[in-house]
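Colleague: If you scroll down you'll find the structure; I have some questions about it.
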Amino acid sequence: MVTRVALYGNTCNNLYQLAKLLRNELQVDAHLFLPNNADIQNRPESDDPELTDNYPDWIHVGRYRSPIAQYLPMFSPLINDVKNFDYIIFSQKGPSLAPYLKPKTFFLVTGGDLTRAPFYGRTYRWYKSFPAKILGVVRAYWQRTGLRQVDETWVQPFKPLKTALADLGIKTYNREKYFPVILDAPGKVSGTELDDTLSNLRNNWDFLIFNPARMMLDETPDMVATGAWKNNLALLYGFAEFLKTTGATRAAFVFVDKGDGHREKHGRERFLQEADRLGIKDKVISLKPPASQDVYTRAQLFRLYELSDVVGNDYGVGWFGSIVLEGLSMAKPVISYVEESVMHELYGDHPLISVREPDEIADALTRLYKDPDYRFKVGQKGRAWYKKHHSPQGAKRRYIENLEFLKSGDVKPSNGTENSN
């Protein structure tokens with residue numbers, strides 16, 4: 001009998017890639033469920049443009065993120081749509097549905113769905129308007145309640161995530177299972193939407209530092225605890241010191257104008273003010289997505305990675321995600337701070353230039369700028385590491401080992417009763 005697995009909460013297409021792996025490698029009848037208002041970066045066509053308005057029959061779209069579904073999850077249409085599945089793997093707000101789901105439930109943590117979503121205070125302070133604060137607290141209640149009824153939690157062992165598990169008293173964390181993010185990087189980038197932008201960058205600059213991360217600058221306890229703090233200013237200060245040390249005149253710092261929340265907007269304004277104060281604002285370039293989009297698609301981002309010389313990411317709490325992998329997959333040196341002990345536990349070694357202080361960042365940029373051969377070797381090492389651990393082929397072994405039971409049927413489907421939490 002074929003095992004049926006539903007997937008919901010497709011952050012940066014993580015579950016889309018997992019669904020393909022389950023179908024192709026374990027012969028599981030895996031189905032991906034998407035809200036009809038999903039952001040472009042969370043839709044399969046962001047990775048595979050040929051799927052635009054042309055989903056296969058195992059990808060379903062529904063009103064899973066309607067106001068009613070968010071604030072009264074027991075009325076979500078997803079509950080009925082997945083009732084005949086054996087298992088469901090979810091991220092984002094998926095845990096809020098756990099008490100009402102018939103399939104056995106697995107929570108694949110992506111970050112804020114564990115570090116912020118179930119915490120009342122953090123959620124309340126995250127939003128600016130009072131109605132948004134109240135609605136956020138309501139959603140936090142459902143997320144917190146649902147987490148205690150999830151059958152198994154899968155999480156990377158970085159500090160913010162482990163701390164959140166401890167604070168919530170979650171006992172379903174399976175320490176034996178690590179699921180590396182799967183990134184299906186393109187063999188060749190394509191598209192024409194950004195031709196003018198790329199042409200201008202190519203003609204005006206010889207050395208580009210690309211920072212696609214959101215501008216999250218406030219080092220408050222909440223921002224640190226959730227992992228949202230990116231400490232982007234460390235990279236800006238390092239870039240300023242690099243310019244002063246090298247005298248480089250055709251080097252630029254490129255960042256993406258994304259995120260319409262008040263923190264992101266404030267972060268971008270403050271970032272540009274600091275660049276102006278440092279006297280380097282003319283070398284700091286803010287890129288906006290095409291007019292018809294709120295954010296860049298992954299295919300468009302890869303064109304920006306391809307043009308860049310160095311990728312900068314996160315200098316905050318020491319974890320990493322899709323941006324790091326995207327940069328590595330394009331054979332670009334990536335400067336981003338990570339917890340060395342966790343990286344050693346998970347991988348043994350890694351190719352990231354893991355620094356955090358502006359002077360360290362400046363030194364790293366200087367060497368990469370002055371030594372193109374070194375820059376090339378670092379990029380190639382990063383691409384090889386990505387292929388080994390995070391490409392569909394490289395990550396396949398760990399997923400098959402961890403999810404073999406889905407094929408063999410060793411674990412029986414849940415009957416909907418609460419677990420011991």
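The values are calculated or read from the model by the stated rules, or taken from the named source; none is laboratory data. Note that the structure is predicted; figures quoted are calculated from it, not measured. Cβ placement follows ideal geometry from the backbone for every residue including glycine, while neighbour counts extend to all protein chains displayed.
Colleague: In this structure, is ALA166 free of Cβ contacts under 8 Å to residues at least 12 places away in the same chain and in the same structural domain as ASN37 (by TED's automatic domain parsing)?
Modeller: When the stated conditions are applied, ALA166 passes them.
Colleague: From the list LYS244, LYS258, exactly one residue is surrounded by fewer than 21 Cβ atoms within 10 Å (Cβ to Cβ) and part of a helix (DSSP H, G or I). Which is it? Steps first, please.
Modeller: Values: LYS258 fails: part of a helix (DSSP H, G or I).
Exactly one of LYS244, LYS258 is surrounded by fewer than 21 Cβ atoms within 10 Å (Cβ to Cβ) and part of a helix (DSSP H, G or I), namely LYS244.
Colleague: Would you mind finding the one in ASP196, ASP184 that is at pLDDT below 95 and either assigned to a loop (DSSP other than H, G, I, E, B) or of a type in the set (Gly, Ala, Ser) (or both)?
Modeller: Numbers: ASP196 fails: either assigned to a loop (DSSP other than H, G, I, E, B) or of a type in the set (Gly, Ala, Ser) (or both).
Answer to the check: ASP184.
Colleague: Then there is this: For residues that are without any contact (Cβ under 8 Å) to a residue 60 or more places away in the chain and among the hydrophobic types (A, V, I, L, M, F, W, C), scanning just segment 329-354, find the one that is surrounded by the most Cβ atoms within 10 Å (Cβ to Cβ).
Modeller: VAL334
Colleague: Please indicate, with yes or no, whether at least one residue in segment 206-222 is assigned to a helix (DSSP H, G or I) and over 24 Å from PRO290 (Cβ atoms).
Modeller: yes
Colleague: Next up: Could you please find all residues in segment 59-99 being hydroxyl-bearing (Ser, Thr, Tyr) and in contact (Cβ under 8 Å) with a residue 60 or more places away in the chain?
Modeller: Here is the first cut: in segment 59-99, the residues hydroxyl-bearing (Ser, Thr, Tyr) are 64, 66, 71, 76, 87, 91, 96.
Scanning segment 59-99 gives TYR71, TYR87, SER91.
Colleague: Can you name the residue in segment 91-109 that is out of contact with any Asp or Glu (no Cβ under 9 Å at 6 or more places or on another chain) and either modelled with pLDDT under 95 or in a helix (DSSP H, G or I) (or both) and is also surrounded by the most Cβ atoms within 10 Å (Cβ to Cβ) among such residues? Steps first, please.
Modeller: Let us first name the residues in segment 91-109 that are out of contact with any Asp or Glu (no Cβ under 9 Å at 6 or more places or on another chain), namely 96-97, 100-102, 108-109.
When the remaining residues are screened for being either modelled with pLDDT under 95 or in a helix (DSSP H, G or I) (or both), the result is 96-97, 100.
Working: SER96: 28, LEU97: 26, TYR100: 17.
Residue satisfying both the conditions and the ranking: SER96.
Colleague: Every residue in segment 309-318 that is crowded, with 22+ Cβ neighbours inside 10 Å and not aliphatic (A, V, I, L, M), please. Let's see the steps before the verdict.
Modeller: Looking only at segment 309-318, we keep the residues that are crowded, with 22+ Cβ neighbours inside 10 Å, and these are 310-317.
Answer for segment 309-318, where residues must be crowded, with 22+ Cβ neighbours inside 10 Å and not aliphatic (A, V, I, L, M): GLY312, ASN313, ASP314, TYR315, GLY316.
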